[in-house]
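Values quoted throughout were computed directly from the atomic coordinates according to the rules given, and no laboratory measurement underlies them. All values reported here derive from a predicted model rather than from experimental measurement.
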Amino acid sequence: MSAATTRSRTPDRLCAEAVDLARAAAEEAAAPGVVGEHIGLVSEGDRVVTHFFECKELGYRGWRWAVTVARASRARIVTVDEAVLLPGPDALLAPEWVPWSERLRPGDLGPGDLLPTDADDLRLEPGYTGVDEPPSDSAVSGEMAELAEAEDAEVTAGTPAHLPAVPLRGSIAAVAEELGLRRARVLSRYGLHTAADRWEEAFGPKTPMAQAAPASCVSCGFLMPIGGSLGQAFGVCANEFSPADGRVVSLAYGCGGHSEAAVMPKPPQPAPPVVDETRVDPFPLRPAADSGSVPEAEDESAAELGHS
């Protein structure tokens, strides 16, 4: 360890003894009665010492007033460098700031709230817009339709009458399987209407959430379509922050978590503060004579009477 390091860690005697000077500086910077006992000091360098005083300010538990004093080389006069309020090792501090998008939890979204989605939200991806689809009267579209129909067909060894088993594709059983009708019983028309009424009442366009929503679910990327006849009016919400997450919602329903509600703006970056320490702004202790609304008195008799 060098001699310079040893000197910097050993507090200067005159600076260490300037407790009263440091206390006076702390009391000048703080409110009356909030500077407590002297709780220690630390050497900041050659002839530079920081004194710590207990802070009695309400809400600042564990904080302390730090007053740095110093003296010039071969000088016996100690001066104050700065006085600040600093947190101690066990100080009560505010929690680390977390962006609102990370603080948000499922169920926090209420009527009228808007939940912007980021442009590169991992839960969303571009959908099909039909921009590259050829016109209906284009020759390419007809050829593509015939090609798709030909590739989708099954090639058999003969007619169905000469086959050992009836082909599944195109049969009534296959169609019933796709429609979900190969069960002993299915929902009746009455059952479908009652279910639709319940879902419409719970998550329909007349709810307060839908009334304050920026758009409906029919254009939301978080909507999952359902099959059957009810798929023409309902879907399943897949937004974890929506109050309808995992529920069957009406296509006319909506909430502030719409995928296209808005694009989340980037947090602004404020410019670093610029402090001009070379400029001095003079402030007069008394206002100028011509700065008031009452004109100056022209004679001494009027000046003695004053004004109201």
So what's the gap between the Cα centers of region 82-97 and region 15-61, to the nearest angstrom? 15 Å
Residue-ordered couplings for region 42-51, obtained by feeding phi - 60° into the Karplus form 6.51 cos²θ - 1.76 cosθ + 1.60 and rounding to whole Hz (Gly and Pro as x), are 8, 8, 9, x, 5, 6, 9, 9, 10, 9
Using modelled amide H (1.01 Å from N, peptide plane; none on Pro or chain starts), what sits under 5 Å from the amide H of ASP81, excluding residues fewer than 5 places away? THR68, VAL69, ALA70
Hey, can you grab everything whose amide H is under 5 Å from the amide H of TYR253? Only 5+ residues off in sequence or another chain; H modelled, so Pro and N-termini drop out. CYS217
